[in-house]
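Participant: Starting off with a structure, shown below.
The values are calculated or read from the model by the stated rules, or taken from the named source; none is laboratory data. No experiment lies behind these values; they were computed from the predicted model shown. Here the Cβ is made from the backbone with ideal geometry for all residues, glycine too, and neighbour counts use every protein chain on show.
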Amino acid sequence: MHMEIKIIDLEPKKARLLFVGEDHTFMNALTDELLRDPGVDVARYIMEFHFSDPELLVTTVGDRDPLGAIIDASRRLAGHCDDLLEQIAGAASR
Amino acid sequence: MNISFSRLDDTIARFTLGDSSPAFANAFRRTMIGEVPTLAIEEVRIYDNNSALFDEMLAHRLGLIPLTTDLRTYVRMEECSCGGEGCPGCCATYTLSVEGPRTVCSSDLIPADPKTAPVHDTIPIVKLVEDQKVVLEARAVLNIGREHAKWQPTLACGYKSYPVITIDERCDACGMCVDECPRGVLALGSRSVEIVEAKLEDCSLCKLCEKACLAGGIGENPAIHINQDDTRYLFVVESDGSLPVREIMEYALLRIKKKSEDLVDILNDISGGTVHEASS
């Protein structure tokens, strides 16, 4: 199961991406993480219908690149998971 | 982000997720429920069934029986090298042959691979009377809860915000909130009401204590305040027995991590690596 992404719109300060097969589970965590970035202005996703693929909209301020912001947010999410996995392994071995 | 367990065994985990956000806590919960694969019966070939239940009903009941799952042995059908045909690498097969009068139980499902036996032996499937008979073959496959609830590895899986109770100096220790609290979180101290530390996590944030305080005629604002900490979450995760809770949690975190890493790779590919260098 690999992630599939379609870029709908890409400008220097704005990106619209379609996440094929994703739902609120990942998108909500991603947009929340994106909004922690001071360079990000808008980060929201729209699912037109319950079964539609979510469309992510990211706009930035200053010279922040929208794709760069998404990459950094994803890295932070992966980092949180690593932290927790390490702690679970530690707790289970005690 | 940190995690501290108050209980962790094969069937139940209770833990506090700290330094987190509502979005991450919810993504973690949803992933544990809907994206961790387990085995469940998906195809049934019925040779004989003159029981009171229709074939469809019987198949549905079989599907809901939790099966012990070994994620190292089985892969999902669409990822299997057999190309979705069905082979011992992606399917677990079972046979069932029972004649009445008696109740058909989950222990009557005989697995071809003993590692995939039903979690509980006493789940009733159908009651047979004299001369009734059920003979069938079933095939279980790995899939996720998003596809159908029978593939959910969890029973109760949820969280609540960590309660923050503050009692201000206006408290006159009338004890009305202590009587009202259904969880026994509060106790009467010498000068004011106190929080029983060991019971704090039991608080359900029902705010009955605030109402009781107001009813005592203290004014417009109560002397006790119930708030929630939006960075700490109390989780309860119960497994149906198909997978140990620890494995469910780890698989869910690996899933979120893999999605994030996939996204990084794809966006790096799209931007030709330039964004990656610029942003890091």
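Participant: Please go through segment B:228-266 and pick out each residue that is closer than 18 Å to B:R14 by Cβ and facing chain A (nearest Cβ under 8 Å).
Facilitator: B:R246, B:M249, B:E250, B:L253
Participant: Next question, about the same structure. In the set A:M3, A:M27, which member is modelled with pLDDT of 95 or more, surrounded by 16 or more Cβ atoms within 10 Å (Cβ to Cβ) and not polar (S, T, N, Q)? Let's see the steps before the verdict.
Facilitator: Working: A:M3 fails: modelled with pLDDT of 95 or more.
Only one candidate qualifies: A:M27.
Participant: Please give the number of the condition B:Q152 fails out of (1) at pLDDT 95 or above; (2) in contact with a Leu (Cβ under 9 Å, 6 or more places away or on another chain).
Facilitator: (2)
Participant: Continuing with this model, one more query. Report yes if some residue within segment A:58-67 is more than 8 Å from chain B (Cβ to nearest Cβ), in a helix (DSSP H, G or I) and in contact (Cβ under 8 Å) with a residue 40 or more places away in the chain; otherwise report no. Please lay out each step first, then the result.
Facilitator: Filtering segment A:58-67 down to residues more than 8 Å from chain B (Cβ to nearest Cβ) leaves A:58-64, A:66.
Next, from what is left, pick out any that are in a helix (DSSP H, G or I): A:66.
Next, only the ones that are in contact (Cβ under 8 Å) with a residue 40 or more places away in the chain stay: A:66.
Within segment A:58-67, one or more residues are more than 8 Å from chain B (Cβ to nearest Cβ), in a helix (DSSP H, G or I) and in contact (Cβ under 8 Å) with a residue 40 or more places away in the chain.
Participant: Okay, moving on. How about segment B:1-13: which of its residues are crowded, with 17+ Cβ neighbours inside 10 Å and more than 8 Å from chain A (Cβ to nearest Cβ)?
Facilitator: Scanning segment B:1-13 gives a single hit, B:A13.
Participant: Here is a further query. Test of understanding: among B:D70, B:D113, which residue is of a type in the set (D, E), touching a helix residue (DSSP H, G or I) at 6+ places or on another chain (Cβ under 9 Å) and within 16 Å of B:T38 (Cα to Cα)?
Facilitator: Details: B:D113 fails: touching a helix residue (DSSP H, G or I) at 6+ places or on another chain (Cβ under 9 Å).
Going through B:D70, B:D113 in turn, the sole match is B:D70.
Participant: Here are the criteria: (1) crowded, with 16+ Cβ neighbours inside 10 Å; (2) charged (D, E, K, R); (3) within 12 Å of chain B (Cβ to nearest Cβ). Tell me which single one A:D83 does not satisfy.
Facilitator: Of everything listed in (1) crowded, with 16+ Cβ neighbours inside 10 Å; (2) charged (D, E, K, R); (3) within 12 Å of chain B (Cβ to nearest Cβ), A:D83 misses just condition (1).
Participant: Grab the strands (runs of 3 or more DSSP E) fully contained in segment B:147-258, keeping just those with 2 or more residues being out of contact with any strand residue (DSSP E or B) (no Cβ under 6 Å at 6 or more places or on another chain) and surrounded by fewer than 19 Cβ atoms within 10 Å (Cβ to Cβ).
Facilitator: Hits in segment B:147-258: B:224-239.
Participant: Is there a residue being assigned by TED's automatic domain parsing to the domain that holds B:R72, out of contact with any strand residue (DSSP E or B) (no Cβ under 8 Å at 6 or more places or on another chain), in a loop (DSSP other than H, G, I, E, B) and closer than 30 Å to B:R255 by Cα anywhere in segment B:94-116?
Facilitator: No; the residues of segment B:94-116 include none that is assigned by TED's automatic domain parsing to the domain that holds B:R72, out of contact with any strand residue (DSSP E or B) (no Cβ under 8 Å at 6 or more places or on another chain), in a loop (DSSP other than H, G, I, E, B) and closer than 30 Å to B:R255 by Cα.
Participant: Of all the residues that make up segment B:17-57, how many are more than 14 Å from chain A (Cβ to nearest Cβ), among the aliphatic types (A, V, I, L, M) and buried (at least 22 other Cβ atoms within 10 Å of the Cβ)? Write out each step before concluding.
Facilitator: Of the residues in segment B:17-57, the ones more than 14 Å from chain A (Cβ to nearest Cβ) are B:38-57.
Checking the rest, the ones that are also among the aliphatic types (A, V, I, L, M) come to B:39-41, B:44, B:46, B:52-53, B:57.
Then drop every residue that is not buried (at least 22 other Cβ atoms within 10 Å of the Cβ), which leaves B:39-41.
Residues flagged as more than 14 Å from chain A (Cβ to nearest Cβ), among the aliphatic types (A, V, I, L, M) and buried (at least 22 other Cβ atoms within 10 Å of the Cβ) within segment B:17-57 amount to 3.
Participant: What are the residues in segment A:12-50 that are assigned to a helix (DSSP H, G or I) and touching a residue at least 40 places away in the same chain (Cβ under 8 Å), if any?
Facilitator: Applying the first criterion (assigned to a helix (DSSP H, G or I)) to segment A:12-50 yields A:24-34.
A:A29, A:L30, A:E33, listed by residue number.
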